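Since the structure comes first, as structure tokens, the remarks are kept for the end.
Throughout, read-outs are computed from the coordinates displayed, never taken from laboratory work. As the structure is a prediction and not an experimental result, all values here were calculated from the model. Here Cβ is always computed from backbone atoms with ideal geometry, including for glycine, and neighbour counts include all displayed protein chains.
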């Protein structure tokens, strides 16, 4: 029994059969959906990573791991751009590229800065831009006192984080106080849920910008952090 034209891979004219065309189109749609799913997952990871950078919630205990993680995160916009170039109709590709190209350009700048900072950490043995100066123990967790340094065009600053170990090598963190410009701070634990910070006048020369002429003193209330490892 001879097979009919519709059951063959190609018909009498040499063109693909209807069945073969449907299978091919379904494969293309399935691939597009898979790539789109990967893209949405990567976009969610990138968004959460950027939010965690500006509003810290989780940090590695090693400064180098933090900068390398941030540098690696900047590869995601380029991956999204590559997915956009091979997924969907032409008009959708153009729109995605218009949106993603500026993001990729910014990611290239941020990634380069993070890579450069990582190299400095390796060379110096510590993070000079966010240097830990003191650790103040609390009933649950601790306070990390950091001195910030943005380079020649900025002054020193002080940042204080409430921290605790979430897992080995990983910390749960929360920004609770900061002062800029500032070079040092004195910390007094008044109660398990209250701390007083006192920062002396910043008198370094030359006097760029406004500098406080008196001590900056402020009391801050602490909210408990979930600390599964207790410190």
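Calculate, for residue 48 and residue 86, the FRET efficiency according to 1/(1 + (r/R0)^6) with r their C-beta to C-beta distance and R0 22 Å; round to the nearest 0.05. Before the final figure, lay out each step's value.
Details: r = 25 Å, r/R0 = 1.14.
In this case the efficiency is close to 0.30.
What FRET efficiency do you get for residue 126 and residue 220 if R0 is 30 Å and r is their Cβ-Cβ distance, rounded to the nearest 0.05? Plugging the Cβ-Cβ distance into 1/(1 + (r/R0)^6) gives 0.70. Note on region 148-177 and region 76-122: Cα centroid distance 27 Å, given to the nearest whole angstrom. Using the average count of surrounding beta-carbon atoms within 10 Å as a protection proxy, the listed peptides 73-79, 35-41 rank, highest first, as 73-79, 35-41.
Estimated from the Cβ-Cβ distance and a Förster radius of 35 angstrom, the FRET efficiency linking residue 78 and residue 134 is about 0.35.
Ordering 193, 124 by the number of other Cβ atoms within 10 Å of each residue's own Cβ, fewest first, gives 124, 193.
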